[in-house]
1. Among the residues in segment 54-70, are any closer than 19 Å to Leu6 by Cβ, touching a residue at least 60 places away in the same chain (Cβ under 8 Å), surrounded by 11 or more Cβ atoms within 10 Å (Cβ to Cβ) and of a type outside the set (Asp, Glu)?
2. Suppose we filter Gly26, Gly4 for residues that are modelled with pLDDT under 85, part of a loop (DSSP other than H, G, I, E, B) and either out of contact with any Asp or Glu (no Cβ under 7 Å at 6 or more places or on another chain) or under 25 Å from Ile61 (Cα atoms) (or both); which single one remains?
3. So, in segment 59-88, of the ones that are small (Gly, Ala, Ser) and either farther than 27 Å from Arg19 by Cα or at pLDDT 90 or above (or both), which residue ends up farthest from the chain's Cα centre (by Cα)?
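The values are calculated or read from the model by the stated rules, or taken from the named source; none is laboratory data. Predicted model, so just to flag it, every value in this text is computed and none were measured. Positions of Cβ are generated from backbone atoms using ideal geometry, with glycine treated the same way; all protein chains shown enter the neighbour counts.
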Amino acid sequence: MFSGMLMSLLLYPLDTMKRSAQLEGGLGFKKLYTSQFEMAKQMPGEVGLRGLYRGAPMFTISQILYAFAQFSAYDLLLGTGMSRGKLD
């Protein structure tokens, strides 16, 4: 769980660039880059490290809540039978 969250945070700037590319050229957004390579070279200098990780705290909180819900559901559905030795 921790390693998955760490990898997601390390790759979060790529997701920020992907979202920017999806919005670029759409209604109300002007086209800033001609290719993904140009975006990868220019965007970090334009928005900085802080801009690339914009939204990361909420992403991290959502990942923690998702993992909590997943483990809780697993424990409720299967954990009780396993702890009593009644796994059939």
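1. Checking segment 54-70: at least one residue is closer than 19 Å to Leu6 by Cβ, touching a residue at least 60 places away in the same chain (Cβ under 8 Å), surrounded by 11 or more Cβ atoms within 10 Å (Cβ to Cβ) and of a type outside the set (Asp, Glu).
2. Of Gly26, Gly4, the one residue that is modelled with pLDDT under 85, part of a loop (DSSP other than H, G, I, E, B) and either out of contact with any Asp or Glu (no Cβ under 7 Å at 6 or more places or on another chain) or under 25 Å from Ile61 (Cα atoms) (or both) is Gly26.
3. So the first thing to find is which residues in segment 59-88 are small (Gly, Ala, Ser), and the list is 62, 67, 69, 72-73, 79, 81, 83, 85.
Going one step further and asking which of them are either farther than 27 Å from Arg19 by Cα or at pLDDT 90 or above (or both), we end up with 62, 69, 72-73, 79, 81, 83, 85.
Numbers: Ser62: 9, Ala69: 17, Ser72: 21, Ala73: 22, Gly79: 28, Gly81: 33, Ser83: 33, Gly85: 37 Å.
Selected residue: Gly85.
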